[in-house]
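Scroll down for the structure; my scribbles are underneath it.
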Amino acid sequence: MAAEHEDQDAAEQDAARQAPPAASGTGGISIGVMTGGAAAAGENARAEDRAHRAAAPPPPPYAGPPLPAPGAGIGVGVMTGGAVAAGRGARAVDASTQYVAASAELAAAVGVLREQLRVLAPSEETAEVDAELAGAEREIAEGGLVRRSRLQWLRDRLDLGATAAAGLASAAAVVQACLELLG
């Protein structure tokens, strides 16, 4: 009798291994307009966006019917970058780099601020600001673009008075140029 149960258990285990996976109850992804980014749905879902994207005018708003979120999934009207994942094992990573077209005002203000930094006593803080300004100069010289995250970093450090460099007259011009470009 015990051998009969063992055979039945083994047969059930074999059938379970060969059967398609049962529906997990997690839905998919419905996207109306996608001009960049990554999407994944399902068993071992994984979506990564590692693009280097120049700033562009936003796409028109999604004008279609309301997007159903399939099952317990995700409905997205317009996706211009980033990452979305739904379902079992879902993982979304947005490691993209967004660039903004640099203005002549920003380029000039960055150069002036780098010169004025030399009047301050050298410190870790001024070296860090100078390195970011040098990076902005390099990006602008190479292609007329500057990383959005770099502009945000400069704006945050210089606008909040978080560094001695924020007290320099030219810091206000850099902040103003960053604000205009970041919107």
task = Filter segment 36-86 down to residues that are over 15 Å from residue 99 (Cβ atoms), modelled with pLDDT under 80 and open to solvent by 40 Å² or more (accessible area, probe 1.4 Å), then give me how many there are.
result = 13
request  = Name every residue in segment 143-182 that is over 18 Å from the mean Cα position of the chain (by Cα), farther than 16 Å from residue 117 by Cβ and among the hydrophobic types (A, V, I, L, M, F, W, C), in order of residue number.
outcome  = 160, 177, 178, 179
message = Can you find a residue that is outside any strand (DSSP E or B), more than 30 Å from residue 169 (Cβ to Cβ), of a type in the set (Ser, Thr, Tyr) and touching a residue at least 24 places away in the same chain (Cβ under 8 Å) anywhere in segment 31-43?
response = yes
inquiry  = Restricting to segment 167-180, and then to whatever is closer than 18 Å to residue 54 by Cα and surrounded by 14 or more Cβ atoms within 10 Å (Cβ to Cβ), can you tell me which residue is modelled with the lowest pLDDT?
reply    = 178
ask   = In this structure, is residue 71 touching a residue at least 40 places away in the same chain (Cβ under 8 Å), within 23 Å of the chain's Cα centre (by Cα) and outside any helix (DSSP H, G or I)?
value = no
task = Filter segment 87-110 down to residues that are surrounded by 18 or more Cβ atoms within 10 Å (Cβ to Cβ) and farther than 17 Å from residue 150 by Cα and give me whichever is modelled with the lowest pLDDT.
result = 87
ask   = Any idea how many residues of segment 139-154 are open to solvent by 60 Å² or more (accessible area, probe 1.4 Å) and either closer than 15 Å to residue 178 by Cβ or of a type in the set (S, T, N, Q) (or both)?
value = 4
task = Return the only residue of 136, 127, 121, 164 being surrounded by 13 or more Cβ atoms within 10 Å (Cβ to Cβ) and farther than 18 Å from residue 106 by Cα.
result = 164
remark   = Checked 124, 139, 132 against criteria (of a type in the set (D, E, K, R) and either free of Cβ contacts under 8 Å to residues at least 12 places away in the same chain or at positive phi (or both)); the one match is 124
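The values are calculated or read from the model by the stated rules, or taken from the named source; none is laboratory data. None of the values given here were measured: they were computed from a predicted structure. Please note: Cβ atoms are built from the backbone with ideal geometry, for glycine as well, and neighbour counts cover all protein chains shown. Just the protein is used for accessible areas: all its heavy atoms, side chains included, with ligands, DNA and RNA removed. Shrake-Rupley method; radii C 1.70, N 1.55, O 1.52, S 1.80 Å.
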